[in-house]
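What follows is one structure encoded as structure tokens, with my remarks underneath.
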Amino acid sequence: MAIRGEHDLTTAPMLSETFEPLFASGAFVVADIREVTFLDSQALGVFASAIERAAAQAATDPRERFALVVDVEQSHLRRVLEIARPIIGDVPTYPSRDAALEALRDRYI
């Protein structure tokens, strides 16, 4: 799924609702945030919840069922993720959707 624009207190509930059917289906969830221009703590909380939801679906490390796509050039997003690591954990990041899906498939198929 591609996530674009600014995400804060007002958009976090919608973002959370978008993840729900994906996890309910048992799918690998890859959130492409390369076009995100801003994330606040509420939006980061959605990612933390997504990791917890993945844990309910995964037999092994839950972080292996959820990944983020972040462009190497997006130093501001990488920095936000680094700062938030104590809250959201060490979420795997990849430079492309294909790389993320391949890594997830390699672990489960």
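The values are calculated or read from the model by the stated rules, or taken from the named source; none is laboratory data. Given the structure is predicted, the values throughout are model-derived calculations rather than measurements. Note that we place each Cβ from the backbone using ideal geometry, even for glycine, and neighbour counts take in every protein chain shown.
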Every residue from segment 21-53 that is modelled with pLDDT under 80 and surrounded by 15 or more Cβ atoms within 10 Å (Cβ to Cβ):
PHE23, PHE28, ILE51, ARG53
In the set PHE23, PHE38, the lone residue that is in contact (Cβ under 8 Å) with a residue 24 or more places away in the chain, among the aromatic types (Phe, Trp, Tyr), on the phi < 0 side of the Ramachandran plot and touching a strand residue (DSSP E or B) at 6+ places or on another chain (Cβ under 6 Å) is PHE38
Yes/no for ALA56 being surrounded by 11 or more Cβ atoms within 10 Å (Cβ to Cβ) and either modelled with pLDDT under 75 or among the small types (Gly, Ala, Ser) (or both)
no
Residues of segment 1-27 classified as more than 23 Å from SER96 (Cα to Cα) and touching an Asp or Glu at 6+ places or on another chain (Cβ under 7 Å), total
2
